[in-house]
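The values are calculated or read from the model by the stated rules, or taken from the named source; none is laboratory data. Since this is a predicted model, take the numbers as computed values, not measurements. All Cβ positions, even for glycine, are placed from backbone atoms using ideal geometry, and neighbour counts span all protein chains on display.
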Amino acid sequence: MYKIIKKEMLNPTVCRMVVEAPRLAKAAAPGQFLIVLTDSKGERIPLTISDYDPEKGTVTIVTQKIGVSSCNIVAMECGDSFAGVVGPLGKASDFMEMPLEELRKEHFIFIAGGVGTAPVYPQAKWLHERGVAVDVIIGAKTGDLLIYKEEMASVCSALHICTDDGSEGFHGMVTALLEKLVAEGRKYTRAVAIGPMIMMKFTTLTCRKLGLPVTVSLNTLMVDGTGMCGACRVSVGGKTRFACVDGPEFDGYEVDFDEAMRRQGQYRTEERQAIENQGRA
Ligand code: NAD
Ligand code: FES
């Protein structure tokens, strides 16, 4: 159960794995996530579902080496199994509830930053397969860190690339590219931004300036993933919400990003310490 049947590195720190999880694959929908345990005593790690295949009974997960637990996941190989996989968790993307004839009047622009590109893929694919207009911006620090370029190109009508250093595509951040595309006359009706919290904050500010509604996907700290522990608490529209059960997607205009970023960074010292301790072990 939960055996890794395919593993590949998408860049030096980002790994894609295809995992056997038949029940999860049948139930998964765009926008949702899952939690994995590498062993029975391991930390519960929330991960992006970047694809799912109900027929083959597999889900595809994408992990970036950041802390000790994510490094342990990336160290696993084909044939290894996770001790547990919980999910699908969270709500599916809200556009799935819209009647198809209404959705086909929309023109989506997805703004994907770094490893946040992986969860954009199933959303763009779901819409594209149903004839909805989808454009995608993918941003990364450098060209060699870009992921999902070919996959994304196959599920959207226009793919726009940008890099912070200008090594590939537009030279600048996703927000500057979005403004440029709109200034050139492209018309979008809805935006979805997924990536680092700081990117989602500034993309939301840009969308507000452009009069564009924006949905963001919050990758907060999580423990149980079922609304019990409160670790994923965020303020949305002045109310406390739990990203694991009320989200992870929220109206960007309503999110208190500064508070979310403070909470996200609260264990940074401990994380750094754990990495140093592992290096010494
Ligand atoms: P990164 O730091 O390289 O940023 C990716 C792109 O985001 C940049 O190239 C830039 O275009 C844009 N960006 C960054 N800061 C910005 C700003 N201030 N204004 C406008 N645009 C900005 O990305 P990375 O290192 O791959 O990101 C890793 C982060 O993504 C981790 O913190 C991870 O937790 C998070 N993540 C989020 C999700 C999610 O669901 N939201 C999913 C996976 C990973
Ligand atoms: Fe515990 Fe959301 S992760 S309440």
Restricting attention to the range 65-75, does a residue exist that is touching a residue at least 12 places away in the same chain (Cβ under 8 Å), basic (Lys, Arg) and touching a strand residue (DSSP E or B) at 6+ places or on another chain (Cβ under 7 Å)?
-> no
Residues in the range 211-268 that are free of Cβ contacts under 8 Å to residues at least 12 places away in the same chain, assigned to a strand (DSSP E or B) and either under 19 Å from the mean Cα position of the chain (by Cα) or within 11 Å of ligand 1 (Cβ to nearest atom) (or both) total 1
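If I filter the range 198-242 down to residues being of a type in the set (Gly, Ala, Ser) and modelled with pLDDT of 95 or more, which single residue comes out as nearest to Glu259 (Cα to Cα)?
Once the filter is applied, the top-ranked residue is Ser235.
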Taking the range 49-81, which residues are in a loop (DSSP other than H, G, I, E, B), within 16 Å of Met222 (Cβ to Cβ) and within 17 Å of the chain's Cα centre (by Cα)?
-> Ile66
For Gln32, work out the one condition from (1) among the polar types (S, T, N, Q); (2) within 20 Å of the chain's Cα centre (by Cα); (3) at pLDDT below 95 it doesn't fulfil.
-> (3)
Can you run down the residue pairs with Cβ atoms below 6 Å, 6 or more apart or on separate chains, where the first is in the range 113-130 and of a type in the set (Val, Ile, Thr) and the partner is at pLDDT 95 or above?
-> Val115/Val14; Thr117/Ile138; Thr117/Ile147; Thr117/Tyr148; Val120/Phe110; Val120/Ala112; Val120/Ile194
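Starting from residues that are touching a residue at least 40 places away in the same chain (Cβ under 8 Å) and surrounded by fewer than 21 Cβ atoms within 10 Å (Cβ to Cβ), keep the ones in the range 198-210 and report whichever is farthest from Asp94 (Cα to Cα).
The selected residue is Ile198.
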